[in-house]
Amino acid sequence: MFSRYLLDLPDVKKINDWYDCIVIGSGIAGLSTAIRISKHFKVKVLTKSNLSESTTWYAQGGIAAAVKKPDWWKMHYGDTIEAGQGLCDSSAVEKLVKSAPQMIGDLLELGIAFDISGGEISLTTEGGHTFPRVLHAGGDATGEEIEKKLVKYSGSFSNIDFFSEHLAVDLITESGKLLGILGLDIKNNELSIHPCTSTVIASGGIGQLYDISTNPSISTGDGIAMSWRAGASIKDIEFIQFHPTVFKTNDNHLFLITEALRGEGAFLRDSNGKRFMVGKHPKAELAPRDIVVKEMVKVMTAQNLSFIFLDATHIPEKLLKVRFPNIIAKLKENGLNLGTDLIKVFPAAHYLNGGIKTDLKGRTDIEGLYACGETAATGAHGANRLASNSLIEGLVFGWEISKDIIRKTRSKKSGHEAKITAQLKNIISKEPLHLKKGPEEDNLEEMILNFRKMMSRNVGILRDEKILKHAHKIIDEYAKLFINKSLIDTKKIEFFNMLTVGHLIAKAGLIRTESRGTHLRNDWPKKDDKNWKKHIILKGQDISFEPVT
Ligand code: FAD
Ligand code: SIN
């Protein structure tokens with residue numbers, strides 16, 4: 001059902017120009033990596049929407065780095081490890097937090113206008129942080145400021161060629177080595193092969209698998225699905241982080257209300273007005289996200305609520321206006337005032353803690369293939385990511401990847417390009433033309449919505465064996481509809497990728513018979529360090545376990 005290639009390669013005749021490096025995705029991970037590599041070699045960026053459409057754009061709270069004493073990397077390290085609930089790999093965390101201040105320096109050089117207060121960079125707190133170490137921009141529009149500047153800066157480099165509205169469909173490999181990418185030019189509906197020595201997958205997260213999610217429509221898990229099809233290892237995929245405070249607009253759109261609001265003092269209250277997080281964790285409303293969500297679900301279930309209340313009414317209005325201008329505007333459009341009204345919020349799928357397994361240089365187990373940003377599992381987040389550690393992770397590991405790619409490209413042997421191009425030609429000439437045909441267009445949207453609802457219900461915050469098994473069955477039934485069907489259509493390709501990733505999350509979720517971090521099992525409610533302080537690795541049909549390092 002989940003075959004090696006989504007499209008049969010003999011359909012494809014066109015082979016594009018050679019690039020040493022192709023980056024898939026134009027969020028913080030993709031663009032920052034492309035910029036660094038382009039100082040030495042030509043880079044092609046493939047991105048499936050317009051250049052700036054990314055999760056990065058929507059990031060609100062900020063970017064974490066220990067930049068001001070008495071805070072220092074060891075404190076950031078400790079908070080990250082604690083949030084990760086025993087599954088963080090210490091060397092990845094160390095790399096992340098030690099390199100973070102330097103990355104902030106690079107962003108300042110790019111002209112990112114972080115907010116200033118009293119003549120200094122303004123720092124806030126979010127869930128799980130012991131110190132105010134989250135830098136922000138535009139009050140609550142950090143991602144927009146970073147993405148805008150990255151797009152502008154990367155556009156000024158003649159060494160980067162951008163291909164927007166180009167969907168990466170599959171990775172073409174032979175004997176565990178990357179040869180190129182199969183891509184779809186969405187506007188012209190044309191498939192072609194993009195040959196290269198190295199590819200960086202920076203395709204972001206998977207939030208679209210859930211109907212209740214903070215993520216934009218691009219977050220369909222494509223990079224994970226195509227890497228898994230190509231034989232890469234997928235790690236910690238069962239850990240999906242839900243964000244506690246999401247607001248539904250009058251026209252049924254979901255809008256994140258940043259954790260930084262709680263960082264500035266906002267409370268969570270139940271239907272009786274009680275601050276239910278007090279006494280549940282020493283940091284109360286600023287406990288790590290998984291702990292807050294778990295307590296919210298308990299309160300919502302006990303009080304038969306579909307929301308809880310976020311209360312910022314005691315925070316000076318002047319401060320709210322400076323720090324949260326976009327949230328205030330959004331609430332106003334919906335008839336609410338952050339300074340005087342209680343806001344109804346609920347948890348929504350937000351972030352993938354695991355993903356494509358990489359080492360500290362961002363290398364996957366396919367030669368020439370790297371993964372960076374939310375799609376990668378570096379080991380830095382364990383079972384629950386610390387708030388605002390995602391943007392910084394994209395920068396830190398993108399930097400490591402760029403160094404490795406530059407070094408490798410420099411030492412490449414002569415005749416390398418001709419050899420790979422010949423291999424690609426050989427692959428695409430092997431079999432007869434054979435088109436697959438997808439499910440009928442008419443009910444595709446409905447199928448996708450039903451799948452997303454099922455994921456929220458069965459593979460969401462609370463899981464158990466029965467509902468996870470049921471999810472597997474449903475996913476397999478959907479996947480069967482794709483057998484021998486044409487997939488040359490962006491929506492169908494994305495849906496098949498969503499099914500693939502859903503299959504992997506449900507599979508790992510079933511295997512992990514304990515509750516830890518963002519993986520909560522009703523039938524295995526306790527953390528089980530003796531048996532489960534280890535990573536689950538899915539590679540093809542193989543399941544293996546790796547110790548936490
Ligand atoms: P993205 O920014 O999602 O970029 C992925 C790119 O890949 C996009 O350009 C997309 O079009 C492209 N793409 C995807 N599939 C394909 C394909 N098949 N072919 C070609 N291109 C493809 N984190 C923080 O650290 N701090 C915050 O304050 C914060 N706030 C957040 C607020 C919201 C509402 C959300 C949803 C997330 C937030 N996060 C935050 C998480 C953080 O924004 C993301 O984890 C991070 O931006 C991911 O960056 P990325 O570069 O890996 O992926
Ligand atoms: C937020 O602003 O609450 C999101 C921060 C994050 O996901 O790290």
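A short reminder: the numbers here are calculations on the coordinates, not readings from a lab. Being a predicted model, the structure only gives us computed values, none of them experimental. Here the Cβ is made from the backbone with ideal geometry for all residues, glycine too, and neighbour counts use every protein chain on show.
Between Leu331, Ser456, Ile234, the Cα set farthest toward the positive side of the dipole of the chain (charges on each charged residue's Cβ, about the Cα centre) is that of Ile234. A simple packing score, the average count of other Cβ atoms within 10 Å per residue, orders the peptides 533-541, 154-162 as 533-541, 154-162, with the highest score first. Looking at region 150-223, the trypsin sites (Lys or Arg not before Pro) that sit in a DSSP loop and have at most 15 other Cβ atoms within 10 Å of their own Cβ are Lys187. The per residue volume of the convex hull around the alpha-carbon atoms of region 106-245 is 180 Å³.
Around the amide H of Asp528, modelled in the peptide plane, lie the amide H atoms of Ser515, all under 5 Å away and 5 or more residues distant in sequence or on another chain. Applying the Karplus relation 6.51 cos²θ - 1.76 cosθ + 1.60 with θ = phi - 60° to region 521-526 yields 3J(HN,Hα) values of 10, 4, 8, 9, x, 9 Hz, where x marks Gly and Pro. Rounded to whole numbers, the Karplus 3J(HN,Hα) couplings from phi for region 135-150 are 7, 9, 9, x, x, 10, 10, 4, x, 4, 4, 5, 5, 4, 6, 5 Hz, using 6.51 cos²θ - 1.76 cosθ + 1.60 with θ = phi - 60°, and x at Gly and Pro. Which angle from 0 to 90°, rounded to the nearest 10, does the C-alpha axis of helix 289-302 make with the longest principal axis of the chain? Roughly 60 degrees, rounded to the nearest 10.
Computed packing ranks the peptides 272-283, 378-389, 495-506 as 378-389, 495-506, 272-283, most packed first, by mean other Cβ atoms within 10 Å. So, in Å, what gap is there between the alpha-carbon centers of region 493-549 and region 50-96? Answer, in whole Å: 23. Only lysine pairs 8 or more places apart, or on different chains, with alpha-carbon atoms under 19 angstrom apart are counted in region 231-297, and they number 4. The aspartates and glutamates within cross-link reach of Lys42, meaning a Cα-to-Cα straight distance under 13 Å and a gap of 8 or more places when in the same chain, are Asp17, Asp20, Asp161. For Ala65, the residues whose modelled amide H falls within less than 5 Å of its own, excluding neighbours fewer than 5 places apart on the same chain, are Leu135. Think of each Lys and Arg Cβ as +1 and each Asp and Glu Cβ as -1; about the Cα centre, that makes the dipole of the chain roughly 980 debye. Listed cross-link partners Lys152/Lys187; Lys149/Lys408; Lys491/Lys534; Lys149/Lys344; Lys469/Lys492; Lys44/Lys68 are compared with a 27 Å cut-off, the Cα-Cα value being larger for Lys149/Lys408; Lys491/Lys534; Lys149/Lys344; Lys44/Lys68. The slack in the chain from Asp476 to Ala329, taken as 0.36 nm per residue of separation less the alpha-carbon distance, amounts to 48.6 nm. Summarising the amide proton neighbourhood of Asp170: residues at separation of 5 or more, or on other chains, whose placed amide H is nearer than 5 Å comprise Leu182. Hull volume per residue, based on the alpha-carbon atoms of region 286-359 and their convex hull, is 161 Å³. Angle of helix 28-38 to the longest C-alpha principal axis of the chain, folded into 0 to 90 degrees and rounded to 10: 50°.
Here the 3J(HN,Hα) profile of region 191-201, calculated from phi with Karplus coefficients 6.51, -1.76 and 1.60 at θ = phi - 60°, is 8, 7, 9, 10, x, 6, 8, 10, 10, 10, 8 Hz, Gly and Pro shown as x. Averaging the Cα positions of each part gives two centres, and for region 248-319 and region 181-239 these lie 33 Å apart. Computed extension length for Lys14-Val278: 88.9 nm, one decimal, from 0.36 nm per residue of separation with the Cα-Cα distance subtracted. The peptide list 231-240, 361-370, put in order of mean Cβ contacts within 10 Å with the highest first, becomes 231-240, 361-370.
Shown is the FRET efficiency for Lys453 and Ala418, computed with R0 = 60 Å from the Cβ-Cβ distance and rounded to the nearest 0.05: 0.75. Once the Cα-Cα distance is subtracted from the 0.36 nm per residue extended length, the Lys344 to Ser429 segment shows a gain of 24.8 nm.
Our compactness index for the chain, the C-alpha radius of gyration over the empirical 2.2 N^0.38 Å, is 0.93.
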